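The values are calculated or read from the model by the stated rules, or taken from the named source; none is laboratory data. Computed from a predicted structure; not experimentally measured. When we count neighbours, we look across all protein chains shown, and the Cβ atoms used for this are built from the backbone with ideal geometry, even at glycine.
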Amino acid sequence: MTTPKTPVADPGTASQDSLDIVSGDPAADNPAAGSPAAARFAAAYPVRPVPAPGPVDTAPIATTPAALQELDGLWKAVVHETRTRGNDIHLPISLAFAERLCRAYPEADAELVRVATLLHDTGWAHVDESRIISEGFAGDWRKAAIRFEHEKQGCDVARRVLPGLGYSEAFIERVCEIIDGHDTRPVAQSLEDALMRDADRLWRFDQAGIALASSWFKMDPATYTDRLTAEIVPELITQAAHDMAAADLNRSTALLKTAVIR
């Protein structure tokens, strides 16, 4: 599937009158306008979805598990954090997608993307577990307080485990910049941030992701895959992610017979 390319709006081109007509708040209409880093990313990559200069692999993700053993020490350091909210399924699959995306976008700092992806949801293990489903997956869930809490806790995990594995303070802070806001901030602030966000969404299109996440949202698979098309596909930032999502969704809906079991 080739997604039509759309230039990103330049926050400096709209008149104040037009901004006032839309909402009266320029940042609300163009979230990047309130973030210098997001504005720089939008300027550097002005077309959405971001075209992929490298190869795009749309085969089932099980054919290319995350293979780099250099992260085994990090996995071992966060085993406890993987046992909450299905992270022991979500995080490995997301990391496999992250590695694919890094091959499609070789200019990205692949180590940063991989480490941030592995750690991004570890904070769920350090919040009130009884609130994860009731608050984190209901209503306007992206603005739920529990979402902000898990991002902060994820940064705390990164700052706790990464120094002992030899990562520099500067690198750790870059990881935390991605983790902090990966659910609650409306825009990506760098290519690495964008790839982590796309990996975090792509796992949902795999059969394992559909099985797990549909239960969180109290949806049957047909309703959940409809939601993926309507809500999650438009959030994907890169063309590679769009292509991977389309291929996975076609496979998953065919396998789960969602056209008739609904």
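The set of residues in segment 92-117 being more than 19 Å from THR238 (Cα to Cα) and buried (at least 24 other Cβ atoms within 10 Å of the Cβ) consists of VAL115 alone. If you go through segment 55-102 and pick out every residue that is at pLDDT 95 or above, assigned to a helix (DSSP H, G or I) and acidic (Asp, Glu), you end up with 4. Being in contact with a strand residue (DSSP E or B) (Cβ under 7 Å, 6 or more places away or on another chain) and on the phi < 0 side of the Ramachandran plot is a description that applies to ALA194.
Annotation: of all residues in segment 208-221 being part of a helix (DSSP H, G or I), more than 15 Å from ALA259 (Cα to Cα) and not aliphatic (A, V, I, L, M), the one that is farthest from the chain's Cα centre (by Cα) is SER215. Can you confirm whether segment 165-185 contains a residue that is under 20 Å from ALA108 (Cα atoms), at pLDDT 95 or above, in a loop (DSSP other than H, G, I, E, B) and among the acidic types (Asp, Glu)? Yes: one or more hits. Pairs linking a residue in segment 51-64 that is under 15 Å from ALA199 (Cβ atoms) to a residue that is among the charged types (D, E, K, R) and assigned to a loop (DSSP other than H, G, I, E, B), with Cβ atoms under 8 Å and 6 or more positions apart or on different chains, are ILE61/ASP206; THR64/ASP57.
Any residue that is among the hydroxyl-bearing types (Ser, Thr, Tyr) and touching a helix residue (DSSP H, G or I) at 6+ places or on another chain (Cβ under 6 Å) - is there at least one of those in segment 65-86? Among the residues of segment 65-86, at least one is among the hydroxyl-bearing types (Ser, Thr, Tyr) and touching a helix residue (DSSP H, G or I) at 6+ places or on another chain (Cβ under 6 Å), which makes the answer yes.
Could you tell me whether any residue of segment 222-229 is part of a helix (DSSP H, G or I), of a type in the set (Phe, Trp, Tyr) and farther than 22 Å from GLN153 by Cα? Yes, the conditions are met somewhere in segment 222-229. Taking the criterion of being of a type outside the set (Asp, Glu), in contact with a helix residue (DSSP H, G or I) (Cβ under 9 Å, 6 or more places away or on another chain) and modelled with pLDDT under 65, the residues of segment 110-145 that qualify are ILE132, ILE133, SER134, GLY136, PHE137, TRP141. Here segment 230-255 is the region considered, the condition is being surrounded by fewer than 15 Cβ atoms within 10 Å (Cβ to Cβ) and within 17 Å of the chain's Cα centre (by Cα), and the residue that is farthest from TYR105 (Cα to Cα) is ALA230.
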